[in-house]
Amino acid sequence: MSNSNNIKNQPIGIFDSGIGGLTVLAEIERLMPGENVVYFGDTARVPYGNKTSATVRKFSVENVLFLLEERVKMVVVACNTSSALALDYLNNIFRIPIIGVIESGVDKALAVTSGKIGIIGTKATIESRAYQRNIVKKNKKIEIFSRSCPLFVPLVEEGLTSGEITKKIIQMYLENFKKKKIDTIILGCTHYPLLKKEIAKYLPKVNIIDSAQEVASHAKGVLEHFRLANDKKAKGNKKFCISDEPKNFTNFAKSFLKRTISKPRVINV
Ligand code: DGL
């Protein structure tokens, strides 16, 4: 086998603080079924969304170092918090392509909006203003509204993606967006696509930007650009690694991906 084929066969590395990045994995699997993937969910240290940027950077570097041990050919930072606080830092340190979720979400939002965008994310993501900066850099005329939604991650982690409590919390966080008549909302956290149905019911006719979908097509473009795409017809191998609690993770992954998964390897962080 030639050297370039060897590289193409190397896996894509994906990391998140926990289960949220599985929304990105699902899209990558759908778009590039032949790719091998190593998924790392830092379940011992979730949530990242209420930590300082120094801590999120440290965790993110460690996650990439772990994925490099798995010989990944590129890294998808499937976590908005890490993307907001650590992506540039990672790209200054490492030489393989590393992409985050923010830019792809912003590009899609700008393509569909008529001028009023709402952004939701973890406290750290919203306070970093990474989305706001990215939007303004590309279009100064957009009206931007943002809101951190710290209760969304625990709701998703507890499987409470519908029902009365969830509806009330969605209303509490998104009421102002409704009043302001936003036309587009960016789900700026990879856990949030799991609340998409309920968010769509509360904000009908609003474009919902799912960063998971957008980053998968960005990843495909990057692999093609660097001639790293695996064009094999056979389904790629998916390996799961986590830092704590394999049972919860496995149950969630099975129900979300609607299939069985290989036993996750628990690694020390
Ligand atoms: N999934 C992470 C994100 O996209 C957030 C979860 C967390 O707070 O760790 O920001």
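Points to keep in mind about this one:
- Pairs with C-alpha atoms separated by more than 26 Å, drawn from the list Lys137/Lys201; Lys140/Lys205; Lys108/Lys140; Lys141/Lys178; Lys123/Lys178; Lys141/Lys180, are Lys137/Lys201.
- Surrounding net charge for Ala229, when Lys and Arg each add one and Asp and Glu each subtract one, Cβ distance under 11 Å: +2
- Where both bridge residues fall in the chain, DSSP classifies roughly 0% of the beta bridges as antiparallel.
- Proximal charge balance of Ile117 [Cβ under 9 Å; K/R count +1, D/E count -1]: -1
- Set of aspartates and glutamates with alpha-carbon distance to Lys196 below 13 Å, sequence-local pairs under 8 removed: Asp210
- The Cα atoms of the range 1-65 cover 45, 24, 16 Å along the three principal axes, with the biggest extent listed first.
- Each Cα pair under 8 Å and six or more residues apart adds its sequence gap; the mean of these over the residue count of the chain is a relative contact order of 27 percent.
- The packing ranking of peptides 191-198, 110-117, 72-79, 26-33, highest mean first, is 72-79, 191-198, 26-33, 110-117, where packing means the average number of other beta carbon atoms within 10 angstrom of each residue.
- Cα convex hull of the range 200-253, projected area averaged across orientations, nm²: 7.0 nm²
- Computed from the C-beta positions of Asp107 and Ser53, the FRET efficiency with R₀ = 25 Å rounds to 0.55.
- When every Cα-Cα distance of the range 1-136 is counted in 10 angstrom steps from zero, the calculated P(r) takes the values 12, 42, 33, 12, 2, 0 percent.
- Over the range 156-269, the reciprocal of the mean inverse Cα-Cα separation, the Kirkwood hydrodynamic radius, stands at 17.1 Å.
- Kyte-Doolittle mean at least -0.5, axial Cα span of 20 Å or more - DSSP H helices of the chain: 53-69, 211-225
- Of every Cα-Cα pair in the chain, the percent that sits beyond 30 Å: 25 percent
- Contact order relative to length of the range 156-243, as percent, for alpha carbon pairs under 8 angstrom and 6 or more apart: 27 percent
- Eigenvalues of the alpha-carbon gyration tensor of the range 58-129, scaled by 5 and square-rooted, set the equivalent ellipsoid semi-axes at 26, 14, 9 angstrom, largest first.
- Translational diffusion coefficient (Stokes-Einstein; Kirkwood radius from C-alpha pairs) of the range 94-156 at 10 °C, 1.306 mPa s, in µm²/s: 124 µm²/s
Taken together, the values in this text are just the output of simple stated rules run on the coordinates, not laboratory data. Bear in mind that the values here come from a model prediction, so they are computed numbers and not experimental data. Methodologically, a virtual Cβ is constructed for each residue, glycine included, from the backbone with ideal geometry; neighbour enumeration extends over all protein chains shown.
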